[in-house]
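Engineer: One structure coming up, written as structure tokens, with questions to follow.
The values are calculated or read from the model by the stated rules, or taken from the named source; none is laboratory data. Since this is a predicted model, take the numbers as computed values, not measurements. Because the Cβ atoms are built from the backbone with ideal geometry, glycine has one as well, and the counts that use them run over all protein chains shown. Surface areas here come from the heavy atoms of the whole protein model, side chains and all, with no ligands, DNA or RNA. Shrake-Rupley method; radii C 1.70, N 1.55, O 1.52, S 1.80 Å.
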Amino acid sequence: MPEEPRRQARGQRRMVQLLDAAAVVFAEAGYAKATTNAIARQAGVSPGTLYQFFANKEALAEALAERYRSELAAAHQKAFDPGTAQLPLPELVDRMIRPMVEVNLENPGFKALFGSGDLPDKLTAPTRALQKAVTGRVAEVLAARYPGLPTDRLETTAAVATQIFAALLGTIVTTPAAHRERWITELNQALVGYLTPLGADLAPTLSTHQPLSVADSG
């Protein structure tokens, strides 16, 4: 590899290293008390190395906020696809919860960081908006599955389903990996149990001309 691409790759790795360290320090100490010296120490580099990439801790927080927003948005795209609405309910729920669990597992310090209350509002507002959008995205999928569901019931169901997810997310994220799947299964079953009665009076609407899916043909 030519020297310039190698330098760029090293620089990218160093920036990731510094951002990961900043996430840990911000989450543990809070934004107000965090220092660039502490972040450099957490990253195992000198303060001078840190300043080659980030001018101050606000620049680090801005980069973290952008990274988190990008990863949340990607998780939303994977999790909440109205095109999957007619899948069997356990499979649909699994497809919704796993990307959201994964983004939290991959960013363990971000939830504490962005929920701390001491970050500047300009950094947290877009992320909070994405987090709040989860209920709306769940509602979109439910509306596609149950097109006749009254709006008030749709909104309430989406809100309660989101709260069920949030209630178990902390346990899932902090549980050792060897036992995590058990809790994901429990979350799936809790959501399926809550959502199943919707189909008792209002079954998913499928066109009579729509071909059977693999799941349906089995």
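Engineer: From the list Ala23, Ala55, which residue is touching a Phe, Trp or Tyr at 6+ places or on another chain (Cβ under 9 Å) and within 17 Å of Glu66 (Cα to Cα)?
Structural biologist: The unique qualifying residue is Ala23.
Engineer: If you don't mind, there's one more thing I want to ask. Residues in the range 112-152 that are in contact (Cβ under 8 Å) with a residue 12 or more places away in the chain and part of a helix (DSSP H, G or I): how many? Lay out the reasoning, then the answer.
Structural biologist: Narrowing the range 112-152 to residues in contact (Cβ under 8 Å) with a residue 12 or more places away in the chain: 112-114, 116, 118-120, 123-124, 126-128, 130-131, 133-149.
Cutting the leftovers down to part of a helix (DSSP H, G or I) gives us 112-114, 123-124, 126-128, 130-131, 133-145.
Number satisfying all stated conditions: 23.
Engineer: Moving on. Scan the range 48-76 for residues that are among the hydrophobic types (A, V, I, L, M, F, W, C), open to solvent by less than 40 Å² (accessible area, probe 1.4 Å), closer than 22 Å to Lys33 by Cβ and free of Cβ contacts under 8 Å to residues at least 60 places away in the same chain and report the count.
Structural biologist: So the count comes out to 6.
Engineer: Kindly indicate whether any position in the range 77-91 is open to solvent by less than 50 Å² (accessible area, probe 1.4 Å), polar (S, T, N, Q) and in a loop (DSSP other than H, G, I, E, B). Spell out the reasoning first.
Structural biologist: Step one: filter the range 77-91 for residues open to solvent by less than 50 Å² (accessible area, probe 1.4 Å), giving 79-80, 84-85, 87, 89.
If we keep only those that are polar (S, T, N, Q) as well, we get 84.
Narrowing further to those that are in a loop (DSSP other than H, G, I, E, B): none.
Checked against the condition, which is being open to solvent by less than 50 Å² (accessible area, probe 1.4 Å), polar (S, T, N, Q) and in a loop (DSSP other than H, G, I, E, B), the range 77-91 yields no hits at all.
Engineer: I'm trying to understand the selection: among the residues of the range 40-69, which are modelled with pLDDT under 90 and among the hydroxyl-bearing types (Ser, Thr, Tyr)?
Structural biologist: Residue satisfying the conditions is Tyr68 alone.
Engineer: While we're on this one: Restricted to the range 91-119, and to residues that are at pLDDT 80 or above and charged (D, E, K, R), which residue is farthest from Leu64 (Cα to Cα)?
Structural biologist: So the residue we want is Glu91.
Engineer: Within the range 29-38, can you find the residues that are modelled with pLDDT of 85 or more and out of contact with any Lys or Arg (no Cβ under 9 Å at 6 or more places or on another chain)? It would help to see each step written out before you state the result.
Structural biologist: Just the residues of the range 29-38 that are modelled with pLDDT of 85 or more, to begin with: 29, 31-38.
Answer for the range 29-38, where residues must be modelled with pLDDT of 85 or more and out of contact with any Lys or Arg (no Cβ under 9 Å at 6 or more places or on another chain): Ala29, Ala32, Lys33, Asn37, Ala38.
Engineer: Could you run through the range 148-163 and say how many residues are touching a Leu at 6+ places or on another chain (Cβ under 9 Å) and either open to solvent by 40 Å² or more (accessible area, probe 1.4 Å) or of a type in the set (Phe, Trp, Tyr) (or both)?
Structural biologist: Counting residues in the range 148-163 that are touching a Leu at 6+ places or on another chain (Cβ under 9 Å) and either open to solvent by 40 Å² or more (accessible area, probe 1.4 Å) or of a type in the set (Phe, Trp, Tyr) (or both) gives 2.
Engineer: Shifting gears a bit: Can you name the residue in the range 120-172 that is acidic (Asp, Glu) and modelled with pLDDT of 90 or more and is also farthest from the chain's Cα centre (by Cα) among such residues? Break it down into steps so the answer makes sense when it comes.
Structural biologist: Here is the first cut: in the range 120-172, the residues acidic (Asp, Glu) are 121, 140, 152, 155.
Filter once more, so that each one left must be modelled with pLDDT of 90 or more: 140, 152, 155.
Details: Glu140: 17, Asp152: 26, Glu155: 21 Å.
Selected residue: Asp152.
Engineer: Moving on to the next point. Could you tell me which residue of the range 173-201 is farthest from Pro150 (Cα to Cα), considering only residues that are surrounded by 12 or more Cβ atoms within 10 Å (Cβ to Cβ) and modelled with pLDDT under 95?
Structural biologist: Thr175
Engineer: On the given criteria, is Ala43 over 19 Å from Thr124 (Cβ atoms), surrounded by 14 or more Cβ atoms within 10 Å (Cβ to Cβ) and under 27 Å from the mean Cα position of the chain (by Cα)?
Structural biologist: It is true that Ala43 is over 19 Å from Thr124 (Cβ atoms), surrounded by 14 or more Cβ atoms within 10 Å (Cβ to Cβ) and under 27 Å from the mean Cα position of the chain (by Cα).
Engineer: May I ask you to list the residues in the range 1-55 that are aromatic (Phe, Trp, Tyr) and in a helix (DSSP H, G or I)?
Structural biologist: Phe26, Tyr51, Phe53 - these are the residues of the range 1-55 that are aromatic (Phe, Trp, Tyr) and in a helix (DSSP H, G or I).
Engineer: Residue check: is Pro88 over 22 Å from the mean Cα position of the chain (by Cα), at pLDDT 85 or above and within 27 Å of Ile184 (Cβ to Cβ)?
Structural biologist: Yes; evaluated as a whole, the condition is true for this residue.
Engineer: Being under 18 Å from Asn107 (Cβ atoms) and touching a residue at least 24 places away in the same chain (Cβ under 8 Å) is the filter here, so list the residues in the range 29-45 that pass it. Before you say what the answer is, go through the steps one by one.
Structural biologist: So in the range 29-45, the residues under 18 Å from Asn107 (Cβ atoms) come out as 29-31, 34, 39, 42-43.
Of everything in the range 29-45, those that are under 18 Å from Asn107 (Cβ atoms) and touching a residue at least 24 places away in the same chain (Cβ under 8 Å) turn out to be Gly30, Tyr31, Ala43.
Engineer: Given the structure, is Ala23 loosely packed, with under 14 Cβ neighbours inside 10 Å, among the hydrophobic types (A, V, I, L, M, F, W, C) and touching a residue at least 24 places away in the same chain (Cβ under 8 Å)?
Structural biologist: It is false that Ala23 is loosely packed, with under 14 Cβ neighbours inside 10 Å, among the hydrophobic types (A, V, I, L, M, F, W, C) and touching a residue at least 24 places away in the same chain (Cβ under 8 Å).
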